[in-house]
1. Taking a spot 7 Å from the Cα of I70 along the direction of its beta carbon, which residues of segment 193-219 have an amide N less than 17 Å from it?
2. Could you tell me what percent of the DSSP beta bridges with both partners in segment 215-344 are antiparallel, to the nearest 5?
3. How do K273, K303 rank when sorted from fewest to most other Cβ atoms within 10 Å of their own Cβ?
4. Sort E323, E154 by Cβ crowding within 10 Å, fewest neighbours at the top.
5. Do you know the relative contact order of the chain, to the nearest whole percent, from alpha carbon pairs under 8 angstrom that are 6+ apart?
6. If you take every residue apart from H27 with its C-beta less than 10 Å away from the C-beta of H27, what net charge results, scoring Lys and Arg +1 and Asp and Glu -1?
7. Please give the contour-minus-distance gain from L135 to K303: 0.36 nm per residue of separation, less the Cα-Cα distance, rounded to one decimal in nm.
8. Which order results if I112, I107 are arranged by neighbouring Cβ count within 10 Å, fewest first?
Amino acid sequence: MEITHQDTEHLRRLLERPEQRIVILSHTNPDGDAVGSSLAWSTVLRNMGHRVTCIVPNRYPYFLDWMPDIGEIVIFKADEEGRAARAIDEADILFCLDFNAISRLEILSDTIERNTTAKRVLIDHHLAPAPGFDLLFSYPDASSTCFVVYALIERLFGTQAITREMAEGLYVGMMTDTGNFSFSFLTPALYRAVAVLAETGIDIPSLHNNVYNAYTEGRARLFGYAINRKMEVIENGTVAYMSLMEHEMRRFQFQQGDSEGFVNYPLTIKKMKMSAMFLAHRKFIRISLRSRGDVDVNLFARKYFNGGGHRNAAGGKSYVSMEETIARFVESVREFAEEGGLGA
Ligand code: 5GP
Ligand code: MN
């Protein structure tokens, strides 16, 4: 990640005028990185004297409820007073955090497109950002958006601008997007950033506990059910997939976020190269993909499921039945393997 002087100066100029109306947006099904980066960035902008509204399309998972100031994030889907739409219509600047195309905001996309005058700034780490941003801080080699936000704060204001509350949000995003510091892009600079966050006095074991050990009993049982009863293995044991239908989720009192992490588990099997999870929603099936090493699920998601993401973590959607989705997946994996996508 190399942030240019030109880009930081551009951002500095953009933020120079005080009391601007700023909206911070993050993606559908917001995760720890989306929420952590939005909260930290909003604090910085508020401290500069701007009027900031953080908006997400739908609710964040319940295991993030404890995060400092999370109540200030407006959930568009539950926003009966129209606060989100008003803030977007009046915004001078729209910051887009942790996603790479307005379409990823789904139910919020049309409202965003209504505001044609606000400057659009992208702060993100997904591959292939869409056109239409006035300023891009897009670093696919950054392990999280929180790390990008950290680097921007360091550049613009110095690390002394980072309060303990901001550090908590930033740490949560870095921790969750790296699978607790076990995935790609674990650079020395990331650990230096973590050291700075630690210096603010954050309690790392409690942050870990709050996020990873705060699930319901139903979730633990659903996990067992998914792995034991629903995991299918194809391609000579190198590709796994699981599916959950709505009635199965209801049986375990499913709450949004409960299936978080399930898709990673098949990759604990030594020869596994790729893992998929199909989660039934009312109108479509959400697909989560994970892979190891050179197996590129971003490519796979783009080609077969109109999605995208990162090389080793991507997603997409399917608008046909679960049966058809799975058949299509199995067929696509076959073709992907024949073209060398699964390696040797
Ligand atoms: P998850 O499986 O955790 O929902 O998503 C993994 C990654 O893939 C995330 O970085 C997410 O932004 C991306 N992703 C998930 N679903 C979609 C999608 O439908 N379209 C695109 N472009 N990216 C997605
Ligand atoms: Mn992220």
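1. 203-217, 219, by backbone N distance to the label point.
2. Here the antiparallel bridges make up roughly 75 percent for segment 215-344.
3. K303, K273
4. Exposure proxy ranking, most exposed first: E323, E154.
5. It comes to 13 percent, rounded to a whole number.
6. Values: positive: R104; negative: D31, D33, D98, E106, D124.
With Lys, Arg at +1 and Asp, Glu at -1, the net is -4.
7. Details: separation 168, 0.36 × 168 = 60.48 nm, distance 2.77 nm.
Working it through step by step, the gained length comes to 57.7 nm.
8. Details: I112 22, I107 11.
Lowest count first: I107, I112.
None of the figures in this text is laboratory data; all of them are computed from the coordinates on show. This structure is a prediction, so every number in the text was calculated from the model and none was measured. With ideal geometry, Cβ positions are generated from the backbone for all residues, glycine too; neighbour counts draw on all protein chains shown.
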